[in-house]
Amino acid sequence: MSAEHLMQTYAPQPVAFARGEGAWLWDTEGKRYLDALAGIAVNGLGHAHPVLLRALSEQAAKLIHTSNLFRVPEQERAAERVCALAAMDNAFFCNSGSEANEAAIKLARLHGHQRGIENPSIVVMEKAWHGRTLATLSATGSRKAQAGFEPLMGGFLRVPYNDLAAIERPADNQSIVAALLEVLQGEGGIHVAGAEYLRKLRELCDRRQWLLMIDEVQSGIGRTGKWFAHQWAGIVPDVMSLAKGLGSGVPIGACLARGVAAKVFKPGNHGTTFGGGPLVSVAALTTLDVIEKDGLLDHALRMGEVIKGGLERELAGVAGVVEIRGQGLMIGVELAVACAQLVPRALEAGLVINVTAEKVVRLLPPLVIREPEARQVVSILAPLVKTFLAQAPASAAAA
Ligand SMILES: *Cc1c(COP(=O)(O)O)cnc(C)c1O
């Protein structure tokens, strides 16, 4: 095994997984791990889900791809289904979260031009993550991810997150056509926007004729205990992007639109060769079916409480634990010190986790995680965090 011929875009852990089942993974040496990452919020149904396997193999035996030059019945059904769940009118399918946001950004710009706005701009947030293509990287609020790729794309106006006054300030700027944000920032460190902020933002967008565009790439498809995280605030966006959990590991993204936003794209404005093919559409349809039939929204919420509540109990009063936050099965433990070293230590202990924004342990287990497994995440992770913090420099632990 050698990575010699791979571009060095990642520095992977020295572990390779050979197979999985539910919330468990086995590496090539046969060691077993509890998966509290789910391929970065992708494998909502866990690994090797029998219903998904059957649907995918049956579809693969019929057709995998035909292109969007022909009607794709499975795609039409996936669109109908996901729009019904989201109270949206239509969908464009693509292959990733970045592409879903690219579609949203292009839609907002075209909408601006259709309204006679020559240099449309989009309000975006600090600490936001929208992807790595040039447009979505420009919308992303991470200088680290952007560095070296200048010139970035113009047409974005950045404001602090979860701060209504900050977004009201540029409101007289006539070039603004949309606001793009995550309601629960994932890569940025698990930051949850307040429901009141989101409702006020919805009103502001209505008043200013801005499209409210919500990036649910990580927080959508049941992860927070609702189909989409914005539903906790009782609002409906004009545009929504989806990807990660939508296809349970098969690459599929979607940009959904409602009302005026649903009428912006005409044939020739946007497209994709792969997007929304029969196989990936069946993956999305099956994912939505299983989540519904197996009651995984309520389950995710309860398992989130088990993990978050357990960590709160185990880590209460521990110096160096700044905050435990999140919603459903999207949980962050912010420490006072950089903690990437916890990832290999957790692997050693048979637990797959992630660290984001340098100091935040991020847990994104599959929606199907069982209660004893959820408790096990806590019983493995909490002592690791305590030991790690006890060994960290005293100045940091005291912070
Ligand atoms: C992961 C992510 C993206 C980018 O998705 P890719 O599939 O990696 O292109 C965009 N937005 C959010 C909120 C994400 O978490």
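A short reminder: the numbers here are calculations on the coordinates, not readings from a lab. On a predicted model such as this, the values are computed, not experimentally measured, just so you know. When we count neighbours, we look across all protein chains shown, and the Cβ atoms used for this are built from the backbone with ideal geometry, even at glycine.
The rows are residues; the columns are (1) touching a residue at least 40 places away in the same chain (Cβ under 8 Å); (2) out of contact with any helix residue (DSSP H, G or I) (no Cβ under 7 Å at 6 or more places or on another chain).
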position	(1), (2)
ARG109	yes, yes
GLY112	yes, yes
GLY116	no, yes
ASN119	yes, yes
ALA128	yes, no
GLY141	yes, yes
PHE156	no, no
ASN162	no, no
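Filter segment 74-105 down to the residues that are within 16 Å of the ligand (Cβ to nearest atom) and among the acidic types (Asp, Glu), then identify the one that is farthest from the chain's Cα centre (by Cα). Filtering first and then ranking leaves GLU102.
Considering only segment 248-263, state which residues are of a type in the set (A, V, I, L, M) and buried (at least 24 other Cβ atoms within 10 Å of the Cβ).
To start, the set of residues in segment 248-263 that are of a type in the set (A, V, I, L, M) comprises 250, 252, 254, 256-257, 260-262.
Passing the criteria: ILE252, ALA254, LEU256, ALA257, ALA261.
Of VAL377, VAL337, VAL360, which residue is touching a strand residue (DSSP E or B) at 6+ places or on another chain (Cβ under 6 Å) and in contact (Cβ under 8 Å) with a residue 24 or more places away in the chain? Walk me through how you get there before you give the answer.
Numbers: VAL377 fails: touching a strand residue (DSSP E or B) at 6+ places or on another chain (Cβ under 6 Å); VAL337 fails: touching a strand residue (DSSP E or B) at 6+ places or on another chain (Cβ under 6 Å).
None of the other options fit; the residue is VAL360.
Among the residues in segment 253-276, are any assigned to a helix (DSSP H, G or I) and within 13 Å of the ligand (Cβ to nearest atom)? Break it down into steps so the answer makes sense when it comes.
So the first thing to find is which residues in segment 253-276 are assigned to a helix (DSSP H, G or I), and the list is 259-263.
Retained after the next criterion (residues that are within 13 Å of the ligand (Cβ to nearest atom)): none.
Among the residues of segment 253-276, not one is assigned to a helix (DSSP H, G or I) and within 13 Å of the ligand (Cβ to nearest atom), which makes the answer no.
For segment 77-107, the tally of residues that are farther than 23 Å from VAL42 by Cβ and touching a Gly at 6+ places or on another chain (Cβ under 9 Å) stands at 1. The residues of segment 1-48 that are of a type in the set (Asp, Glu) and without any contact (Cβ under 8 Å) to a residue 12 or more places away in the chain, listed by number, are GLU4, GLU29.
Checking each residue in segment 264-305 for being surrounded by 20 or more Cβ atoms within 10 Å (Cβ to Cβ), among the small types (Gly, Ala, Ser) and more than 20 Å from the chain's Cα centre (by Cα) picks out only GLY277. A count restricted to segment 330-362 and to residues that are over 24 Å from LYS31 (Cβ atoms) and outside any strand (DSSP E or B) stands at 6. Picking from residues in segment 35-73 that are surrounded by 22 or more Cβ atoms within 10 Å (Cβ to Cβ), within 16 Å of the ligand (Cβ to nearest atom) and not aliphatic (A, V, I, L, M), the one that is farthest from THR287 (Cα to Cα) is ASN43.
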